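Taking it in order: structure first as structure tokens, then the write-up.
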Amino acid sequence: MPKQRRCPFCRVLFIPDPRVKGRQTTCGRQECCRERKRQSNQHWRARHPDYFRDMYPQQKDVYGTRAEYKKQYRKENPEYVRRNAAAVKKHRARGRIADPEDVSPTSCDLLLSIWGQKGNVSITHVSHTSRDIFVTVSPNDT
């Protein structure tokens, strides 16, 4: 039988997963894993105190800012600018489609659009399963 270990955070006994060959230190609960990760990050940052302080200014000097890069890319690729403008225009137009008339949620009469034809129907029966809703309708002669 595998040897039990005690989680250093919640103090619960657990059996380590045999696939990790003795490297598992926590019981696997989300809170314990999060705390282990927090401590690990804290330990790494203590050993590398200048990593985040020095990297960004150095990379900014070499590569510039994202805004500068995009400006340069757009200048060098006019076809991209035209394609992007058309896509944005199409996307914005899609949101401007007029909404159909509002229908009360308690109403049995709905305005139904089928294949571009409009007509009024009355719902006579509604049933459902876990995945589908079945509606029986009859023509509304008004």
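The values are calculated or read from the model by the stated rules, or taken from the named source; none is laboratory data. Just so you know, these numbers come straight off a predicted model, no measurement behind them. Virtual Cβ from ideal backbone geometry, glycine too; neighbours counted across all protein chains shown. Ligands, DNA and RNA are stripped out before the accessible areas are found, and what is left, the full protein with its side chains, is counted by its heavy atoms. Shrake-Rupley method; radii C 1.70, N 1.55, O 1.52, S 1.80 Å.
Can you run phi through the Karplus equation (6.51, -1.76, 1.60; θ = phi - 60°) for segment 24-37 and list ³J(HN,Hα) in whole Hz, with x for Gly and Pro?
Result, rounded to whole Hz: 6, 10, 10, 6, x, 5, 4, 5, 5, 5, 5, 5, 4, 5.
Evaluate 2.2 N^0.38 Å with N set to the residue count of segment 13-100, then give the Cα radius of gyration divided by it.
Relative to the rule-of-thumb radius for its length, segment 13-100 sits at 2.07.
Roll a 1.4 Å probe over the protein heavy atoms and report the accessible area of residue 79 in Å², nearest 10.
Approximately 90 Å² of residue 79 is accessible to the 1.4 Å probe.
Please work out the FRET efficiency for the pair residue 84 and residue 20, using the Cβ-Cβ distance as r and a Förster radius of 41 Å; give the result to the nearest 0.05. Intermediate values should be presented prior to the final figure.
Working: r = 47 Å, r/R0 = 1.15.
Approximately 0.30, to the nearest 0.05.
Please get the size of the charge dipole for segment 1-61, origin at its Cα centre, with Cβ charges of +1 on Lys and Arg and -1 on Asp and Glu, quoted in debye to the nearest 20.
400
Looking at 46, 72, 28, which one has the Cα that reaches farthest to the positive end of the dipole of segment 27-73 (charges on Cβ: Lys, Arg +1; Asp, Glu -1)?
So the residue furthest toward the plus end is 28.
Count charges around residue 33 for me, please; just the other residues with Cβ under 14 Å from its Cβ, Lys/Arg as +1, Asp/Glu as -1.
Spelling it out: positives minus negatives among the neighbours equals +3.
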